[in-house]
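Enquirer: The structure that follows is given in the form of structure tokens.
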Amino acid sequence: MNNFADKLTVLRRLSGDRLFASFADACAGGSLEKFYFELYDCGAENDFLERLCALILTDDNAFARTCARGDTPSAYLTDAFSSDLGAIFAAAEEFENDEHFNLGNVIPPFDGDMDSDRCTDNLSEFYAAHGYGQFITYKAFSYRDRKLAPIAQISPVTLEELKDYRDEKERINENILNFLGGLPYANMLLYGDRGTGKSSTVHAMLNKYCDDGLRLIELSKENILCVPDIRQLIADNPLKFIIFIDDLSLGEYDDKVSSLKAALEGTVSGGCDNIMIVATSNRRHIVKESFSDRENSVHPADSMAEQLSLSDRFGLTVMFSSTDKAQYLSIVTQLADDANIACDRQKLAALAERWALIKGGRSPRRARQFVDFIYAREQRGIDVDF
């Protein structure tokens, strides 16, 4: 008996999935035991069709990429994709009465009765709005080896969990809304002391707006020269991408300085681009300067201007200032209320100050660590004093 997977064209990559390959083999008279093993091994015995639809939905293929670009697939490509869907659904229906597992139901945007033509129309609209392949499944990526590698788990932090810094968060939020809405936006530099929530704010924005098409690409400063390559990788994607460079600082003669300048000049295009560069730094002026630079320069003013020109290219700079005692204790109190900490607030404030003294300073990060410590002690029934 012929294997239906051998006749697939547009969706041919699905055969690289172990469950799909064993399913196709079983349909062709191969080992049912191997199929059941793969089925049970991935926990799909109660929702096989959902798993099958998810594989199709996230497949990186010519039809999905064409729709995601906003182009209309040719009639040949559309017919081939629909034919592949029909073959897969027909094979699945052969197992409708199999007692070893529950076939389950299809998932949106697939049609309820598995009509391949209607599913093709639905998927065309879905890809145009939500991208294709791994960009549907994952919201964050890292760039390495000239590819985007998905990050399976990112910080689940929300804006509500980040206390105070209301004005700073509002400025960032407004800029991202402009970005998502196709309006003029700016690249952003978030600078300030360690532990003030710069990176956490970026992650929280991603969590808030990922369902609206926002994605994030983490880029190490060693790979700044690769920004043009990343631009090419996602040029046809309808989603919006933050290229996130954390803890950025560069030397005056670093060749990455000129590359980043060029990237910053090129991404502000009246909202027509799908890339926003966001960097965090402990320094307002990213390029390190020293007194020797000034003393040894023939034109010290020009040298200083060159060092400052990189940070000036970020259209929006947001300062996360260090916390004073009052703000630190305010953050501690808010976090303690969220966690339902039972400790008397006056005692909690005294302990928080002791914690800051031991840890070497006040910051939102120190406040979070302190409240987590107190919460764990209370949950275990241990005296919170230390």
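The values are calculated or read from the model by the stated rules, or taken from the named source; none is laboratory data. If you're wondering where the values come from, they're calculated on a predicted model, not measured in any experiment. Cβ: placed from backbone, ideal geometry, glycine included. Neighbour counts: every protein chain shown. The area values use the complete protein model at the heavy-atom level, side chains included, leaving out ligands, DNA and RNA. Shrake-Rupley method; radii C 1.70, N 1.55, O 1.52, S 1.80 Å.
Enquirer: Using packing as a proxy for protection, rank 339-345, 101-107 so that the peptide with the highest average count of other Cβ atoms within 10 Å comes first. Show your work: numbers first, answer last.
Expert: Values: 339-345: 13.4, 101-107: 15.6.
Result, highest mean first: 101-107, 339-345.
Enquirer: Packing-wise, with mean Cβ within 10 Å as the measure, how do 223-234, 144-155 rank, highest first? Let's see the in-between values first.
Expert: Numbers: 223-234: 16.3, 144-155: 12.1.
Going from most to least packed, we get 223-234, 144-155.
Enquirer: When Lys and Arg each count +1 and Asp and Glu each count -1, what net charge do the other residues less than 9 Å away from residue 5, Cβ to Cβ, add up to?
Expert: Charge balance in the 9 Å sphere: 0.
Enquirer: For 4, 373, write out the residues from largest to smallest accessible area, computed with a 1.4 angstrom probe and no ligands counted.
Expert: Details: 4 35, 373 60 Å².
Greatest to least solvent exposure: 373, 4.
Enquirer: With +1 assigned to the C-beta of every Lys and Arg and -1 to the C-beta of every Asp and Glu, and no other charges, what is the dipole magnitude of segment 192-265 about the Cα centre in debye, to the nearest 20? Could you put the intermediate results ahead of the total?
Expert: Numbers: 9 positive and 13 negative charges, 44 e Å.
For segment 192-265, the charge dipole is close to 220 debye.
Enquirer: Still on this model: Can you check what the net charge comes to around residue 206, using other residues whose Cβ is under 9 Å from the Cβ of residue 206 (Lys, Arg +1; Asp, Glu -1)?
Expert: Result for the local shell: +3.
Enquirer: Let me ask something else about it. Using only the Cα atoms of segment 12-105, construct the convex hull and provide its projected area averaged over every direction, in square nanometres to one decimal.
Expert: Numbers: hull surface 24.7 nm².
Quarter of the Cα hull surface area: 6.2 nm².
Enquirer: Quote the FRET efficiency, to the nearest 0.05, computed for residue 262 versus residue 160 with a Förster distance R0 of 41 Å and r equal to the Cβ-Cβ distance.
Expert: On the way: r = 38 Å, r/R0 = 0.92.
Here the calculated transfer efficiency is 0.65.
Enquirer: While we're looking at this one, here's another question. Just to confirm a number: summing +1 for Lys and Arg and -1 for Asp and Glu over residues other than residue 121 whose beta-carbon lies under 11 angstrom from that of residue 121, what do you get? Can you show the working numbers first?
Expert: Values: positive: 118; negative: 111, 115, 117, 125.
With Lys, Arg at +1 and Asp, Glu at -1, the neighbours total -3.
Enquirer: Now for a different question. Check cross-link reach from residue 198 to the aspartates and glutamates: straight Cα distance under 12 Å, and skip same-chain residues fewer than eight apart.
Expert: 168, 246, 247
Enquirer: Taking only DSSP H segments of four or more residues, each worth -39500 (n - 2.57), what value at 222 nm results for the chain once the sum is divided by all its residues, to the nearest 500 deg cm²/dmol? Provide the component values of the computation, followed by the final result.
Expert: Details: 16 runs with 186 residues, N = 386.
Rounded to the nearest 500, it is -15000 deg cm²/dmol.
Enquirer: Protein chains only, probe 1.4 Å: how do 114, 319 rank by accessible area, largest first?
Expert: Putting 114, 319 in descending order of accessible area: 319, 114.
Enquirer: Pick from 277, 176, 358: which is most flexible by mean-square fluctuation in a GNM of the chain where alpha carbon atoms under 10 Å apart are linked?
Expert: Maximum fluctuation in the GNM of the chain, among the listed residues, is at 358.
Enquirer: Report the rotationally averaged projected area of the chain based on its alpha-carbon convex hull, in square nanometres. Please report the intermediate quantities before stating the final value.
Expert: Working: hull surface 101.8 nm².
Mean shadow area of the hull around the Cα atoms is 25.4 nm².
Enquirer: Turning to a different aspect of this structure: Where the only charges are on Cβ atoms (+1 Lys, Arg; -1 Asp, Glu), what is the dipole of the chain about its Cα centre, to the nearest 20 debye?
Expert: Numbers: 42 positive and 62 negative charges, 409 e Å.
The calculation lands at about 1960 debye.
Enquirer: Keeping every protein chain in place, order 58, 196 by accessible area at 1.4 Å, biggest value first, i.e. largest first. Walk me through the numbers on the way to the answer.
Expert: Working: 58 45, 196 5 Å².
Correct descending sequence by accessible area is 58, 196.
Enquirer: Only bridges with both residues in the chain count here: give the DSSP antiparallel percent, nearest 5. Intermediate values should be presented prior to the final figure.
Expert: On the way: 4 of 27 bridges.
Of all bridge pairs located within the chain, approximately 15 percent are antiparallel.
Enquirer: If you average the C-alpha positions of segment 162-182 and of segment 319-348 separately, how far apart do those two centres end up, in angstrom?
Expert: The distance from the Cα centre of segment 162-182 to that of segment 319-348 comes to 23 Å.
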